[in-house]
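The values are calculated or read from the model by the stated rules, or taken from the named source; none is laboratory data. All values reported here derive from a predicted model rather than from experimental measurement. Note that each Cβ is placed from the backbone with ideal geometry, even for glycine, and that neighbours are counted across all protein chains shown. All accessible areas refer to the heavy atoms of the entire protein, side chains included, with ligands and DNA or RNA removed. Shrake-Rupley method; radii C 1.70, N 1.55, O 1.52, S 1.80 Å.
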Amino acid sequence: MKGQAASALGGEGAGGAAADFAEIESARSGWEATARRFFRHRLAGVGFVLFTLLALMAVLAPLLAPYDPYAIGKSYQSPSFASGHWLGTDQSGRDVLSRLIYAARISLSVGVGAVAIYVVIGTLVGAVAGYFGGWVDAVIMRITDVFMSFPYLLVILVMVSVLGPSLGNIILALGILGWPAVARLIRGGVLSVKEKAFVKAGIALGYSTPRLLFKHILPNVIAPVLVNATFGIAVAIITEASLSFLGMGVQPPTASWGNMLTEAQSFSTLTNRPWLWIPPAGMIVLAVISINFMGDGLRDVMDPKGRR
């Protein structure tokens, strides 16, 4: 069997296959080196720290929130340390700081959940299209083109209105519509990697298709998807905030940064009660900036030109 594999490689030579296998074995050390370069990137480090703090705030919300986010008290109290409401209260007398902390759970869940769904879908679809090629690739890519031609926000509004404005439906809608870009990235990488000697050697040795795809090919093409995923989290957070602002997102009394901004639609709130809209807007900006910093860092450390 090994002799047949060596013959199947032809002009590639056993030495080239051995070198490629050694490259696969050293992938772990390569990822460790990438992690070190990532944390040496200043903006990426700052973004990672900020995002970690936001994630900890979401996880530890019951411990950090000074009040029950649904407890009703005196309406429209301005921020005051004396009253105990550091960021004031809203129209129902609920503590703004407590709702801001709990809202991080919703917004970050939407971002991470939607990206996780469409990365899995896009990776599977792109891997199948790139590996099998031919009519399979043509059909999948035409379907991808159809999905990419849809007006993104409009289709999400329609889906959420049909399914109902809930957290799970928002994550599902964003995940279903976000996979085409990932599929194209994976497909391009697989088309390139599958022509290398170590893949041809694996085919000659009788490796199964799932083993070739998931153990040998995908680890070599996943880097651009990680960069895309970081920016995708930021886009999902902004989209959820937009839907909630329009009344089609997470419904009150559940707090999200988007529906906290809904109260800022009136001119009197914008001018006289800035504590109702500046904190949630600031949290959205902070989350998006931190994620974009991490994405920029990943892009720089994984770019071969940048490494040189």
### Query
Given the conditions (1) open to solvent by 30 Å² or more (accessible area, probe 1.4 Å); (2) modelled with pLDDT of 80 or more; (3) more than 28 Å from P69 (Cβ to Cβ), which single one is not true for V221?
(1)
#### Entry: Candidates L100, L124 - the one that is of a type in the set (A, V, I, L, M, F, W, C), touching a helix residue (DSSP H, G or I) at 6+ places or on another chain (Cβ under 9 Å), open to solvent by 20 Å² or more (accessible area, probe 1.4 Å) and at pLDDT 90 or above
L124
## Note on the structure
When region 222-258 is checked residue by residue, the ones that are under 14 Å from S109 (Cα atoms) and among the aromatic types (F, W, Y) are W257
### Task
Filter region 234-261 down to residues that are open to solvent by 30 Å² or more (accessible area, probe 1.4 Å) and under 19 Å from the mean Cα position of the chain (by Cα), then give me how many there are.
3
### Query
Is there a residue being touching a residue at least 24 places away in the same chain (Cβ under 8 Å), surrounded by 19 or more Cβ atoms within 10 Å (Cβ to Cβ) and under 25 Å from the mean Cα position of the chain (by Cα) anywhere in region 201-213?
yes
### Single unsatisfied condition, Y118 versus (1) under 22 Å from G258 (Cβ atoms); (2) without any contact (Cβ under 8 Å) to a residue 24 or more places away in the chain
(2)
### Query
Has region 132-143 got at least one residue that is of a type outside the set (D, E) and under 17 Å from G113 (Cα atoms)?
no
### Task
Return a yes/no flag: does region 189-204 have any residue that is modelled with pLDDT of 85 or more, closer than 30 Å to G258 by Cα and in contact with a Gly (Cβ under 7 Å, 6 or more places away or on another chain).
no
### Message
Anything in region 264-276 that is surrounded by fewer than 18 Cβ atoms within 10 Å (Cβ to Cβ) and either of a type in the set (D, E) or under 20 Å from Q77 (Cβ atoms) (or both)? List them, or say none.
### Response
A264, S266, S268, L270, T271, N272, P274
#### Entry: Residue satisfying condition, being open to solvent by 40 Å² or more (accessible area, probe 1.4 Å), within 30 Å of R105 (Cβ to Cβ) and modelled with pLDDT of 85 or more, within set I171, I176
I176
### Summary
If we ask which residues in region 190-200 are open to solvent by 20 Å² or more (accessible area, probe 1.4 Å) and under 11 Å from G126 (Cα atoms), their number turns out to be 1
### Message
Which count do you get for residues in region 133-150 that are of a type outside the set (G, A, S), open to solvent by less than 70 Å² (accessible area, probe 1.4 Å) and either without any contact (Cβ under 8 Å) to a residue 40 or more places away in the chain or closer than 30 Å to G249 by Cβ (or both)?
### Response
4
### Task
May I ask you to list the residues in region 285-303 that are assigned to a helix (DSSP H, G or I), open to solvent by 40 Å² or more (accessible area, probe 1.4 Å) and free of Cβ contacts under 8 Å to residues at least 60 places away in the same chain?
V285
### Task
Please go through region 78-97 and pick out each residue that is part of a loop (DSSP other than H, G, I, E, B), open to solvent by less than 30 Å² (accessible area, probe 1.4 Å) and in contact with a Leu (Cβ under 8 Å, 6 or more places away or on another chain).
G88, D90
### Task
Could you list, in sequence order, all residues of region 118-173 that are assigned to a loop (DSSP other than H, G, I, E, B) and within 23 Å of V193 (Cα to Cα)?
G133
